[in-house]
Structures are given as C-alpha cells and as structure tokens.
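I have placed the structure first, in the form of structure tokens, so that the comments after it can refer back to it.
The values are calculated or read from the model by the stated rules, or taken from the named source; none is laboratory data. It should be emphasised that the depicted structure is a prediction, and the values quoted were computed from it without experimental measurement. Neighbour counts run over all protein chains shown; Cβ positions are idealised from the backbone, glycine included. Just the protein is used for accessible areas: all its heavy atoms, side chains included, with ligands, DNA and RNA removed. Shrake-Rupley method; radii C 1.70, N 1.55, O 1.52, S 1.80 Å.
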Amino acid sequence: MSQIDIKRDEHGYQRIVVIIVFLAGLMNINIYLQYLGLHILSKGITIIFYILIGFMCIILVLNYMYKNKGFYTYIFPYWIVLFLSLLLKFFILFIQFPLLFLPGEKYFYYFIGFFINLSIIVIVVKGIRSMYYVKATIWALGLSLSLSAIVPLLFFPEMIGTRISVINGYTFNGSFWNYSLIGFISVGWLITTLFFKESSMFRKSIIYSIFILLVFTSLAGLSRSAIISILLSVLVYLIVSNNFFKYIKVFAFVTIFTIIILQLFKEPIANFGQRFNGGINIEEEARANIWFDYLKNIPDYLLFGELEGNYRKYSFEGMDPHSVFINWFVQFGILGIVGFILLLFGVLISINRIRKNTSRHVAAGLYAWLVAYLSIASINETGFSQMTVFCAIGIILAWGNQANKEIKEIKEIKEIKEWLH
C-alpha cells in the first residue's frame, strides 16, 4: 500500500479541515432547520460532515502507521489524557452493556459524540499546517456559527426575550437561544483576533457584525450566565489590550447600544429584570443545590465516573450537573477531570506562545475567549459536548503549533546571523 503523505497534499487536506469546521458550525443550527421543516438539508449537512470526519480519521491513522514526519507535533498532545479517560469509561460500559453500543442504542450515540469531539481537535491540530489555514478555519467557524444568530432573528423574532426549551414538540437544549450562546463562546472572541490581520474594511465589518450578532442573541434568551461571560471577557480584553482609547470607544458603544436595546425591547428587558429580582443568593440558587448533590457523592465516581452511566441519580431532582467541570468528573472520573484541565492548560500555553509573536490585541482576544468559555463552563452545561467548542480548541492549539514553529525559525535565523558575524 502506498503511503498517504499529508505533507505532499497539504493544501487539499487543509481545505477538507476547513470544510469540516464549517459543517460543524452549520450543525449548530440543525434544530432550527428541522423546526423550519428542512429535514433533508439538516440530514445532508450531517451526512457530509460524518463522511469527511471518517475520511480524515482514516488519513490520520494511515499517516501514524507509516510514521510520517510531516505529522510532527510541536506541543504536547494535551488531549491524550482525556482521550484515555473516554476509552477506559466506554470499555467499562461495554463490558456491562454490550448491546447498548449497537447502532440506535443509548451508548452508541454517547460514544460517537465524544469520539467525534476529540477527533475534531486532532484533525484540526494535525491537519492545519500554516497560518493561512488557521485564519481560514476561524473564518469558516465564524461564518457558519453566525447563522446561529441570523436564522432565529430572521424567522423567529417573536422569541426574543423568552426562555423556552420545548416548542411544538421540538426540544431546544438549554433554551431556544442557547445555540447563539454556543456560537459566542466558540467563535465570538476568536474571530475578533482576525480584525487586526485583515486590511479589508468589508471583512472587518463582517467580523464586528458576527461578534455583535452573537452577543445580542446570546442575551436574547435571558441567560444570566451569558451576561456574566460577556462582561468578564470584555473586561479581560480591555485590560490585556491596554488601550485607553479603546476603553473610551467601548464605553461609548456599550452606552449607545444599551440605550437602543432598552428602547426597542422593553418587554424582554423587563423579563430579564425579573430573573435578577432579589439578587443572587448562593444558598437559594438551584445550581448550587445541584452542585452540592453531586459533590457530596464524589467517592462513588472518583475513579472511573458513574459506572452504569446513570450519573443523574446523584441529583435529588435528577438534574444534570450544570457545570462542565463536574460533568467531566462525574461521567469519567478523576482521569476525565484531569484530562479536561490539561486540555485547558494546553489552550493557555498555546495562547501564551501566540502572544510572543503577535499584537497584544490579538492576544487579548484569545485570553477573552478563554475567560468567556470558562465563565460559562463553570456554571453551565454549555461547552461540555458541543463540537464547535472543540473546533475552537483545536484551532487555538493548531495556531500555537504555528507560533511555536515561527519562534523556533526566528531563533535559528538569529543564531545563524550571530554565527556569521
């Protein structure tokens, strides 16, 4: 069998990665497409996505088997511990319930979902080999996820200011507008990093529009975690960018934007106010009660996670953990939570490497992305199993690879010049 050389055909494979990321973003609006009666379009997007994922996984395996040097990774594969925790947990479940792993059964979709999420990280990190395609994947994710805001705004404007999960038999996980929040934490801040890399005012306008659309529609669902995420990430961006004039511009923009919103959406704003009535009392917060239920049962799931897959039994009301961190812990045990923390550590290391050879504004956008995600992940389910978040993580890790390579090349050139002199 002839060797498949991803380095030789790097442009073709990188284009496939860009398409995969774009389709992953489109799949975030599948529930809207189905609600609009566009089931065929939804299925078509899903089928093409799975075909391309399968194709790239085969390519990756073949290259690994042939030890292709073009596959060298410049940073530690931070996803490896998380991947091992998944394999161990699913092996334990398979031994107990082999029939539930058959197509159409409970654990079949459970396994496929997590396998694809981690595969996307590996595919993006291994497949993207230049800054040109790093930018292309960010654009692909940004444009596709912008539809998470555009589609509901165009077709369901009456839903603004509501927090509804079930409509005419269709279940919108987290609420009708949660998919915009997924879009925001996935690419909202990530796409702003391209603003200072684009010379075209048209493209810069698109970047601003995507960011504002995702912010507005994230808030349209009356999510308190959304407003916390947005405020904290904006604060981090302003501090890291260290630009006084930008502080003034942002303050002016936020003031004008707030006045417009207050005038145009008086009823939704009133609904939002009701969600904050009485402030936030940690002892009365439903999330806090759920967290306490799970945390007091740590000995039961410490090593391998809940061994029968019924982790909701630890909640008195049968609720999900409402925290990405607790989710990884209760479902996959100590390896799961350690693996997830290592993955986040890898993202932070990559951002620090990117910061060394880019502007502080770009670095500020990446730090803001991390804060926006963590502030949601800490108090919400959103960000646990959404593939677009894993796409974003893969992009940042791939960007870190390129930054590390550029730093080494600059260092080598400097050493050669010093030697010549």
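Per-residue extension of 0.36 nm, minus the Cα-Cα distance of Asp320 and Phe156, leaves a gain of 56.2 nm for this segment.
Provide the packing ranking of 112-118, 38-44, i.e. peptides ordered by the mean count of other C-beta atoms within 10 Å per residue, highest first. Before the final figure, lay out each step's value.
On the way: 112-118: 17.9, 38-44: 13.7.
Those peptides, ordered most packed to least, come out 112-118, 38-44.
With Cα atoms defining each centre, segment 189-242 and segment 356-390 are spaced 11 Å apart in the structure. Each principal axis of the Cα cloud of segment 287-358 was taken in turn, and the coordinate range along them, longest first, works out to 50, 24, 16 Å. Residue ranges 180-186, 338-344 sort as 180-186, 338-344 when ordered by packing (mean number of other C-beta atoms within 10 Å per residue, highest first). Do the alpha carbons of any pairs in Lys135/Lys408; Lys43/Lys313; Lys135/Lys204; Lys197/Lys405; Lys106/Lys126 sit beyond 23 Å of each other, and which pairs? Over 23 Å Cα-Cα: Lys43/Lys313; Lys106/Lys126. Sorting the segments 202-208, 218-224 by their residues' average number of neighbouring beta-carbon atoms within 10 angstrom, most packed first, yields 218-224, 202-208. With all protein chains in place and a 1.4 Å probe, the accessible surface of segment 284-400 carries 61 percent carbon and sulfur. Solvent-accessible area assigned to carbon and sulfur over segment 106-216 amounts to 67 percent, based on a 1.4 Å probe.
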